[in-house]
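> Next up is a structure, given as structure tokens.
The values are calculated or read from the model by the stated rules, or taken from the named source; none is laboratory data. This structure is a prediction, so every number in the text was calculated from the model and none was measured. Glycine gets a Cβ as well: all are built from the backbone with ideal geometry, and neighbour counts include every protein chain shown. With ligands, DNA and RNA removed, areas are computed over all heavy atoms of the protein, side chains included. Shrake-Rupley method; radii C 1.70, N 1.55, O 1.52, S 1.80 Å.
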Amino acid sequence: MHTPAPPASLLLALRPRTQERLYDFYDELRSAADLFWDRRLDAWVATGHAVVSSAAGDPRLSSVRYPDIEAVSEELRPLARVLSRQMLYSDAPDHSRLRALLSKAFTPRAVAVLREKISGAVEQIITHAAPTGRMDIVADLARPLPLTIICDLLGVPEQDRDTLSSWSGPIAAAIGSSRLDADDNRAASQSMTHTLAYLRALLTRQDTPPPPHTLRALLTAHTENTDQDFDELLANCALLLIAGHETTTHFIGNAALALLRHPDAADQLRSRPELIPAAVEELLRYDSPVQLMLRRARHELELAGRTVAAGQVVLLLCGAANRDPAAFPDPDVLDFQRPGGRHVAFGYGPHFCLGAALARLEGAIVLEALLTRLPALRLEEAPLQWQRSLNFRGLTRLDVAFTPPSVNHDSGTLTMATHRRPAGLGHASSST
Ligand code: HEM
């Protein structure tokens with residue numbers, strides 16, 4: 001009888017040449033097993049959609065990332081202590097309590113209020129870039145936009161945002177890789193300490209009242225009326241700050257790349273803008289910004305026919321689940337009218353992404369702007385470089401060119417040039 005070869009380690013996904021063909025690599029892993037033991041990572045890896053979605057909400061699996069803080073390296077320990085207080089890495093009842101508190105800031109209604117701010121911020125970025133005819137979508141749009149919005153939501157003044165963002169990078173790197181050296185871990189811990197000190201000063205400042213409708217206003221009211229543990233609150237604000245922008249940044253970059261590589265799909269969206277919400281979902285499925293979720297077995301259990309020992313880690317590969325042919329026919333096709341199928345890009349179960357409504361709204365507004373405001377948008381000839389992370393998938397830069405608006409000398413106003421191929425998204429001369 002033919003025995004399938006043992007699957008390769010997920011760590012191979014970090015090789016630059018695998019990153020470019022990541023989903024072929026996942027196919028190889030999934031065809032070997034929908035759940036396998038990865039000896040190099042010392043963890044189970046789930047690749048199939050059925051096992052990933054059921055395990056994400058399985059109460060036999062815990063979300064606690066560091067069950068024994070003292071076992072964590074000295075450099076990483078300060079960061080691990082803070083992460084351990086965040087809802088993402090907690091189980092009920094702490095998880096439910098924290099989620100109930102912070103979810104008030106993320107109801108679809110609360111998020112809809114942000115629509116105008118998001119549109120205004122996108123407009124400003126595009127107007128600034130338009131005369132040049134060139135843009136790095138990652139640096140110019142995908143990084144600043146989600147940061148602006150999450151900082152607006154938290155009530156962070158504009159002048160402090162770049163500093164906060166510079167702390168978030170090392171923390172995201174530490175969360176996204178298990179193979180960082182002591183210096184990286186120390187930098188991540190220090191960045192978290194700075195972030196918390198900043199948030200503490202922000203939430204306790206008396207000189208200015210919190211801007212209305214911000215999370216700062218909500219939390220100030222809450223802490224005044226309850227005996228809420230303030231450090232726990234700060235840890236969760238830090239979670240929002242990091243989760244609220246690193247992920248959406250990657251989403252915008254990955255979605256723009258997918259559209260640039262599929263000009264027909266872009267044309268379809270331009271002629272049928274009512275498909276944009278469906279396109280947001282399909283783009284999240286197609287190249288998911290968060291590639292994996294972490295769980296830990298509370299006790300020995302059976303999962304997908306395998307025995308998982310108490311305490312063992314199970315990595316749920318959302319990126320692979322979202323390309324599973326058993327859940328999505330022709331999974332490698334970008335199809336905005338794909339029937340059924342539920343992607344797991346925002347996770348599944350009790351930890352389902354709290355910021356999903358916000359991320360969807362930002363995505364929809366950006367897509368519309370890219371399609372309508374930057375005529376003849378095309379990829380520049382440049383090799384693509386992906387961030388080195390198993391957790392997050394995102395480009396380090398995405399250089400594009402487009403036709404700049406021309407000056408209408410009669411009226412003295414700026415107008416968009418007209419084109420034989422109206423506002424086409426496509427390739428300049430790229431082989432990507
Ligand atoms: C496209 C962008 C985003 C993606 C792909 C994404 C993805 C995810 C995923 C996969 C999870 C579940 C993790 C798990 O179960 O282990 C999650 C949870 C979470 N996300 Fe997002 N996220 C995005 C944007 C945001 C934004 C904008 C915010 C906040 C402003 C946010 C805040 C959170 C929080 C607080 C949790 C933890 C929820 C809980 O533990 O109950 N996310 N996200």
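> How much FRET efficiency would the formula 1/(1 + (r/R0)^6) give for Gln337 and Glu300, where r is the Cβ-Cβ distance and R0 is 41 Å, rounded to 0.05?
0.40
> Here's another thing I want to ask about it. Taking 0.36 nm per residue of sequence separation and subtracting the Cα-Cα distance, how much length would be gained by fully extending the chain between Glu70 and Asp42, in nm to one decimal?
8.2 nm
> Using a probe of 1.4 angstrom, how much of the accessible area of region 10-427 is carbon and sulfur, in percent?
53
> Moving to a separate point now. Can you tell me the length gained on complete extension of the stretch Thr208 to Asp183, counting 0.36 nm per residue apart and subtracting the Cα distance?
Length difference between fully extended and current span is 5.2 nm.
> Separate question: Mind checking the dipole of the chain: about its Cα centre, +1 per Lys or Arg Cβ, -1 per Asp or Glu Cβ, Debye to the nearest 20?
340
> A further question follows. For a quick protection proxy, order the peptides 250-256, 364-370, 94-100 by their average other-Cβ count within 10 Å, most packed first.
Highest to lowest by the protection proxy: 250-256, 364-370, 94-100.
> If you average 1/r over all unlike Cα pairs in region 1-147 and invert the result, what Kirkwood radius do you get in angstrom?
Every distinct Cα pair counted, the radius reaches 20.1 Å.
> Follow-up question, since we're still on this one. Enter the Cα centre distance for the pair region 142-198 and region 109-123, rounded to the nearest angstrom.
Using only Cα atoms to place each centre, the spacing works out to 23 Å.
> Express the accessible area of region 255-407 per residue in Å², computed with a 1.4 Å probe while the remaining protein chains stay in the model.
38
> Moving on to the next point. Between region 352-386 and region 274-297, what is the C-alpha centre distance in whole Å?
14
> Same structure, new question: Farthest toward the dipole's positive end in the chain, which of Pro329, Ser165, Ala357, given Cβ charges of +1 (Lys, Arg) and -1 (Asp, Glu) about the Cα centre?
Farthest towards the positive pole: Pro329.
> Still on this structure: What number does region 10-427 give for Rg over Rh if you use C-alpha atoms and the Kirkwood radius?
With Rh from the inverse mean 1/r over Cα pairs, Rg/Rh is 0.97.
> Phe352 to Thr396: extension gain in nm, 0.36 nm per residue of separation minus the Cα-Cα distance?
Going from the current span to full extension adds 13.2 nm.
> Under 13 Å from the Cβ of Leu61, count the other residues' Cβ atoms, weight Lys and Arg +1, Asp and Glu -1, and hand me the total.
Around Leu61, the charge tally is +1.
> For Gln268 paired with Glu380, estimate the spin-label separation in nm (one decimal), with each label point 7 Å from Cα along the Cα-to-Cβ line.
In this crude spin-label approximation the distance works out to 3.0 nm.
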